[in-house]
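Written below as structure tokens is the structure these notes are about.
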Amino acid sequence: MSSPQLLQDVSSARLTWLRFKRHRLALASGIFLVVIYLTAGFCEFFAVYEPNSRNPRAIYAPPQQVHFIDPVEGFQLRPFVYGYHLTINPDTWVREYTEDHSQKFPLQFFAPGEAYQFWNLFGASRHFVTVPDTGYLHLFGTDKLGRDIFSRVLYGARISLSLGLLGVALTIVLGVLIGGLAGYLGGMVDNVIQRTIEVLQSIPTLPLWMALSAALPPHWSPLGVYFGIIVILSFIQWTGLARVVRGRFLALREEDFVVAARLLGAGRLRIIFRHLLPSFMSHIITTATLAIPGMILAETALSFLGVGLRAPIVSWGVLLQQAQNFQVIILTPWLLIPGVFVVLVVIAFNLLGDGMRDAADPYGGSNSA
Amino acid sequence: MSDELLRVNQLNVRFPVMSRGLLRRQTSDFHAVKDLSFHLNRGETLGIVGESGSGKTSLVRALIRAIKPSSGSAVFNSSQGQVDLCQLSDKQLVPLRTQMQMIFQDPFASLNPRMKVGEIIAEPLAIHAPASRAEHRGRVIEMLGRVGLEASAIQRFPHAFSGGQRQRIGIARALIMQPALVVCDEAVSALDVSVQAQVLNLLADLQAELGLTYIFVSHDLNVVRHFCERALVMYRGEVVEEGAVDDLFDRPQHNYTRLLLSAIPSIDPDVRLAPLSRASLGLPIE
């Protein structure tokens, strides 16, 4: 019992972290999400091109392969890609691209490439990876206008992922506030809120979303539409969280330590913020984590259907609009790559949420630390 | 030291019984405490005994205003003069909270698991006596010493302590503002026997040191006999007998008291426990 730090001296936050760390999948998901959020945050730097710059030499071009071995020079440390050689199939008029071994573009890391405005703050031109001016780099291929899918996925990540976070933040505010009011005040207030939640939950979500987003004025700026969609999504999602919060408030209100605080003379605010909220903050965070993928999926669905975000904005849903045509699956399957990212992010959030839920109660459970 | 600290008159506690369903009308009420009157002298220890459901806890929770009594009065001789605890609003009660405190039954549920022991004990100070952290710390450490815990405890969380130690933390929190009246609601019944004795002795020592007045709720008659001077016997929300513990235990007047006394296990293992039957005493069977 003389280890440097005894279990009894460890804070609950640290116990939670210790338990979370043992959940390997959740930890890996967490790291993946951190990486992808960082990439989205600095997408101007990580992207090769601006989301709307076109390459007329590559329309509907497939992803380029990164090579290390040159038929002439053999293995070389600097990876490179080959340019496209375009032939048009005379029977089907389909563009067929093959690698043109006479054009070789070496990858350059942290090198100057296409100029961009970083966060609209200052101009820069350095990219994580790029190729010399004469060449082009399309790791995920291009779309019908010759725009680079890789760059657009990164720019889309910024919109889709931040929308998930902001939407859930708003959901938490609404859910905790309304659920807390219902649980703490009880009586008539509780009754009215509960019935409202039931009505909101009984309306099928997709038609309601569509109706609400169709109501967004068409002359709004892209940014306005972006925040409009966030408000619409949270407006529907807060109900679940409000119920959880209300239930916890009701249960905790009668706990001895809350009664004790009341008998010590603690005011309402002190009881709520010092005793009630900390006791289920972990539950709120977990619920929120599990709600983020719902937000991202909802945005993707709305934009896919054409009633969410619109063209000048690049989001994963907007990108997938191009994949609505079934021909895509045969002819240009790389247009589905944004969908792969949606799937990965949603799975990662769910695994992370699961791990957090298991770790949230450091004193309970069968496998205590 | 025989001046009166508390006089309770015709106190009633009723809990509404709601109908099920959408409208939730109040259909009837449960009368937990019926027209109860008693007095409490400064410095004494009053026991309240009775079986589960006899209204002991409702009574003390109403006195300390954890719940609102339905009617009656409870006149408390506070340091600011006489006040009726039943008439005050929650807000008016706040300053009085320093003068009456409660020690809870369950030492695991009554401490917030997410606060350090130092913060738990300092909470009354933070509410009623805003001062520097260092000042609070000094008082907390002094109080920890009084209840027999080390000063290093302030950095730890409640889960690091045993039941008896946690109860000491609860006692320290209740006593740090030096209240006049302390309500112990089954304060030792969740502890094992040897720890019970330690905590009881601690409570007795603190009473002598700080001049406390205790209301001691218990279903353990031996503990009440050892610890209290007077006791009330409660049965179905009413006091059926009241008096000095020696009189009560040696010469019980009411059949219900006799029933309770007959149910105390003997220390001699050869003496078989033979509680009287309710029917033979003319008491209704629940």
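The values are calculated or read from the model by the stated rules, or taken from the named source; none is laboratory data. It should be emphasised that the depicted structure is a prediction, and the values quoted were computed from it without experimental measurement. Neighbour counts are summed over all protein chains in view; Cβ atoms, including those assigned to glycine, are modelled from backbone coordinates with ideal geometry. Surface accessibility is based on the protein's heavy atoms, side chains included, excluding ligands, DNA and RNA. Shrake-Rupley method; radii C 1.70, N 1.55, O 1.52, S 1.80 Å.
Between A:S102 and A:T87, what is 0.36 nm times their sequence separation minus the Cα-Cα distance? Round to one decimal in nm.
The span from A:S102 to A:T87 would gain 3.8 nm if fully extended.
How large is the charge dipole for chain A, taken about the Cα centre, if only the Cβ atoms of Lys, Arg (+1) and Asp, Glu (-1) carry charge, to the nearest 20 debye? Don't skip to the answer; put the middle values down first.
Details: 26 positive and 22 negative charges, 214 e Å.
Magnitude of the dipole: close to 1020 debye.
Trypsin sites (Lys or Arg not before Pro), restricted to the stretch B:230-285: which are DSSP loop and have at most 14 other Cβ atoms within 10 Å?
B:R272, B:R278
Enter the accessible area per residue of the stretch A:56-147 (Å², integer; probe 1.4 Å; all protein chains in place).
61
Treating only the Cβ of Lys, Arg, Asp and Glu as charged (+1, +1, -1, -1), what charge dipole size does the stretch A:56-147 show about its Cα centre? Round to the nearest 20 debye.
Rounded to the nearest 20 debye, it is 280 debye.
On the first, second and third principal axes, largest extent first, how far apart are the outermost C-alpha atoms of the protein assembly as shown in Å?
Between the extreme Cα coordinates on each principal axis of the protein assembly as shown lie 116, 60, 53 Å.
Give me, ordered by chain and number, the residues 5 or more places off B:S70 or on other chains with an amide H under 5 Å from its own placed amide H.
Correct list: B:N12, B:V13, B:R14.
For chain A, set up a GNM with springs between Cα atoms under 10 Å and report which of A:S202, A:S162, A:S53 has the largest fluctuation.
A:S202
Over the protein assembly as shown, with every protein chain in place, what whole percent of the accessible area is carbon and sulfur at 1.4 Å, could you tell me?
Numbers: 18920 of 31580 Å².
Ligands and nucleic acids excluded, carbon and sulfur reach 60 percent.
Once both labels are modelled 7 Å past Cα along the beta-carbon direction, what's the A:I330-A:A214 spacing in nm?
3.3
Show that you can apply the helix-only estimate: for chain B, add -39,500 (n - 2.57) for every DSSP H stretch of four or more residues, divide by all residues, and state [θ] at 222 nm to the nearest 500.
Result for chain B, helices only: -9000 deg cm²/dmol.
Tell me, what HN-Hα J-couplings in whole Hz come from the Karplus equation 6.51 cos²θ - 1.76 cosθ + 1.60 at θ = phi - 60° for each residue of the stretch A:137-146, using x for Gly and Pro?
9, 10, 5, 10, x, 9, 9, 5, 9, x
What are the ³J(HN,Hα) values, in whole Hz, obtained from phi via the Karplus relation 6.51 cos²θ - 1.76 cosθ + 1.60 with θ = phi - 60°, for each residue of the stretch B:100-108 in sequence order, with x given for Gly and Pro?
Working through the residues one at a time gives 9, 9, 10, 10, 8, 6, 9, x, 8 Hz.
To the nearest 20 debye, what charge dipole does the protein assembly as shown have about its Cα centre, counting +1 at the Cβ of each Lys and Arg and -1 at the Cβ of each Asp and Glu?
With only Lys, Arg, Asp and Glu charged at Cβ, the dipole is about 1040 debye.
Take the Cβ-Cβ distance between A:F128 and A:T205 as r, set R0 to 41 Å, and report the resulting FRET efficiency rounded to the nearest 0.05.
Details: r = 38 Å, r/R0 = 0.93.
After rounding to 0.05, the efficiency reads 0.60.
Need one number: buried accessible surface between chains A and B, 1.4 Å probe, both sides summed, DNA, RNA and ligands left out, in Å² to 100.
2500
Choose one answer from A:Y49, A:Y97, A:Y155: the residue with the largest mean-square fluctuation in a GNM of chain A with alpha-carbon springs under 10 Å.
Greatest mean-square fluctuation among the candidates belongs to A:Y97.
Using the Karplus curve 6.51 cos²θ - 1.76 cosθ + 1.60 with θ = phi - 60°, what ³J(HN,Hα) values do you get for each residue of the stretch A:160-170, in whole Hz, with x for Gly and Pro?
Those phi angles translate into 5, 6, 5, 4, x, 5, 4, x, 5, 4, 5 Hz.
Using a ≥ b ≥ c from the Cα gyration tensor of the stretch B:150-207 (square roots of the eigenvalues), is it rounded, prolate or oblate, where a/c under 1.5 gives rounded and otherwise the larger of a/b and b/c decides, a/b for prolate?
oblate
Over all directions, how big on average is the projection of the convex hull of the alpha-carbon atoms in the stretch A:56-147, in square nanometres?
7.2
Grab the beta carbon distance between B:D270 and B:A204, set R0 = 41 Å, and tell me the FRET efficiency rounded to 0.05. Please list the in-between numbers first.
On the way: r = 32 Å, r/R0 = 0.78.
Using R0 = 41 Å, I get an efficiency of 0.80.
What value, in deg cm²/dmol to 500, does the helix sum -39500 (n - 2.57) over DSSP H runs of n ≥ 4 give at 222 nm once divided by the residues of chain A?
-18000 deg cm²/dmol
If each of B:E4 and B:S28 carries a label point 7 Å out from its Cα toward its Cβ, how far apart are those two points in nm?
3.6
Could you give P(r) for the stretch B:203-286, binned at 5 Å from zero, as whole percent values over all Cα-Cα pairs?
3, 12, 21, 22, 18, 12, 6, 4, 2, 0
How many angstrom separate the Cα center of the stretch B:213-273 from the Cα center of the stretch A:110-136?
87
Identify which of A:A111, A:A298, A:A182 has the largest mean-square fluctuation in a Gaussian network model of chain A, with springs joining Cα atoms closer than 10 Å.
A:A111
Which of the listed residues, A:Y60, A:V168, A:P71, is farthest toward the dipole's positive end in the protein assembly as shown, when Lys, Arg count +1 and Asp, Glu count -1 at the beta-carbon?
Of the candidates, A:Y60 comes out farthest on the positive side.
Which residues does a label at A:A28 reach in the stretch A:322-342, if reach means a backbone N under 19 Å from a point 7 Å past the Cα toward the Cβ?
Those under the cut-off are A:340-342.
Sorting A:L170, B:L149, A:L165 by accessible area (1.4 Å probe), largest first, what list results?
So, going from the largest accessible area down, we get A:L165, A:L170, B:L149.
Compute the relative contact order of chain A as a whole-number percentage, counting only Cα pairs closer than 8 Å that sit 6 or more residues apart in sequence. Kindly include the intermediate steps, with their values, before the conclusion.
On the way: 531 pairs, mean separation 80.1, N = 369.
Averaging sequence separation for qualifying contacts and normalising by length gives 22 percent for chain A.
Please work out the C-alpha center-to-center distance from the stretch B:164-182 to the stretch A:145-200 and express it in whole Å.
Here the two parts' Cα centres lie 44 Å apart.
Determine the gain in length on full extension of the stretch A:H67-A:V35; use 0.36 nm per residue of separation and subtract their C-alpha separation, reporting nm with one decimal.
Additional length available on full extension: 9.0 nm.
Calculate, for chain B, the solvent-accessible area per residue in square angstrom, rolling a 1.4 angstrom probe over the heavy atoms of the protein chains.
With all protein chains present, chain B gives 47 Å² per residue.
Which values, in whole Å and largest first, are the semi-axes of the equivalent ellipsoid of chain B obtained as the square root of 5 times each eigenvalue of the Cα gyration tensor? List each step's numbers first, then the result.
Details: eigenvalues 205, 122, 75 Å².
Semi-axes, largest first: 32, 25, 19 Å.
Projected onto the charge dipole of the stretch A:56-147 (+1 at Lys/Arg Cβ, -1 at Asp/Glu Cβ, origin at the Cα centre), which of A:G135, A:Q103, A:T92 gives the Cα projection farthest towards the positive end?
Value: A:G135.
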